[in-house]
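The next block holds one structure in the form of structure tokens; read it before the comments.
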Amino acid sequence: MPASPYYRSDLARIHHEGFGFHADAVSPAILRLLDPVRERGGLVLELGCGSGLLTKYLVDAGHRVLATDASPAMVELARTYVPAARVEILRLPDDPLPTADAIVSVGHPLSYLDSEADIDRALAAIARALDTGGVLAFDICDLEWGAERREQPPKVWFGDDWMLTTRFSVLDDRIFRREMTMFVRAGDLWRREDETHDNVLIDTARIPELLARFGVAAELRSAFGDESLPAGLVAVVARRPQEGGSRAHFDGVPDEQRTDTARDPGPRALLPRYEG
Ligand SMILES: C[S@@+](CC[C@H](N)C(=O)[O-])C[C@H]1O[C@@H](n2cnc3c(N)ncnc32)[C@H](O)[C@@H]1O
């Protein structure tokens, strides 16, 4: 966990006002992927929802949504921005996840975890929480994200009453660091805040095999649909097949040939069920 939480109130607000383009870009394809879930009135669990930028698209399309994020400031904004959604604090990888018919997470929330081992633990928990016939869609930073940005110069963004400057660095090819300084108008004065975010970069090619151990069949894509994602951001689209199909259908390994570590160890039936 970072020394102080990511996305305190000033940065949460700046993200909400200045960085909605990603949710805008991915929402049409995410909504298409989730159509069958909406038709059967299934629950969509959103992880790392931020201020609710994607949540609003989901709710407006008629989805039943439980939106979650680790940042209390983001959760507060999302509750105001999407009053029809239930929004709760949930920190990956250790907080329990309710069983859901779809799980979505965009804007690479998983890359904010502290280590690759934490990302693996979160992916295992996500896979266990995905109900039969469920759909999983998330984006995550690959090692290529760092390779593409090694020499990136500092950047500045402005709003009417805020300004954000960011310095970038890549540590050991595995950590993408953003050192941010922001100024937000407070009456006649400007308040300064600083946040440093580390994103863990991984070889995303490992993800399908990891999810397959939990009975979830995944594919890596350059985008969720026909939008363009930034270089190094990988879209993962996955499904837990309907009951009746043998595991060999989606990962090629029949149950009887599985080693203990390859067998789904998660008693999904024991997960809390959200009834909202
Ligand atoms: C770049 S923002 C994306 C927000 C939103 N999904 C969007 O597209 O606008 C990443 C989000 O991940 C959340 N996050 C970071 N670490 C997290 C964790 N350990 N568990 C859950 N959410 C986390 C942050 O609080 C932040 O809201």
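Quick look at the numbers
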| item | result |
| --- | --- |
| Given charges at beta-carbon only (K, R positive; D, E negative), |dipole| of the range 145-198 in Debye | 100 |
| Mean Cβ neighbour count within 10 Å, used as a protection proxy, ranking 40-47, 94-101 highest first | 40-47, 94-101 |
| Potential extension, Arg167-Ser228 segment - 0.36 nm per residue separation minus Cα distance | 19.5 nm |
| Positive-end extreme of charge dipole, the chain - chosen from Ser105, Ala235, Trp145 (charges on Cβ) | Ser105 |
| Nearest 10 degrees, 0 to 90: helix 9-18 Cα axis against the chain principal axis | 80 |
| Helix 21-39 axis, angle to the chain major axis (alpha carbon atoms, nearest 10°) | 30 |
| Normalised contact order of the chain, rounded percent, pairs of Cα under 8 Å and 6 or more residues apart | 18 |
| Simple label model, 7 Å out from Cα along Cβ direction - Arg32 to Ser9, nm | 4.1 |
| Kirkwood hydrodynamic radius of the chain, from inverse mean 1/r over distinct Cα pairs, in Å | 19.4 |
| Cut-off 19 Å, label 7 Å out along Cα→Cβ of Arg150, residues of the range 194-211 by amide N | 199-204 |
| Cα radius of gyration and Dmax for the range 145-198 (Å) | 13.4, 43 |
| 3J(HN,Hα) from dihedral phi, the range 100-114, Karplus parametrisation 6.51/-1.76/1.60, rounded to Hz, x for glycine, proline | 9, 8, 8, 10, 10, 7, 10, x, 6, x, 5, 6, 7, 5, 6 |
| Protection-proxy order for peptides 151-160, 18-27, 128-137, each taking the mean of Cβ atoms within 10 Å per residue, highest first | 128-137, 18-27, 151-160 |
| About the Cα centre, charge dipole magnitude for the chain (Lys/Arg +1, Asp/Glu -1 at Cβ), debye | 400 |
| Value of [θ]222 nm, deg cm²/dmol, for the chain, DSSP H segments ≥ 4, -39500 (n - 2.57) each, nearest 500 | -8000 deg cm²/dmol |
| Helix axis angle, 72-81 relative to the chain longest principal axis, alpha carbon, degrees | 90 |
| R0 of 45 Å, Cβ-Cβ distance Arg40-Arg178: FRET efficiency to nearest 0.05 | 0.70 |
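Here, each number is a calculation from the coordinates, and none is a lab measurement. Bear in mind the structure is a predicted one, so any value in this text is a computation, not a measurement. Neighbour counts are summed over all protein chains in view; Cβ atoms, including those assigned to glycine, are modelled from backbone coordinates with ideal geometry.
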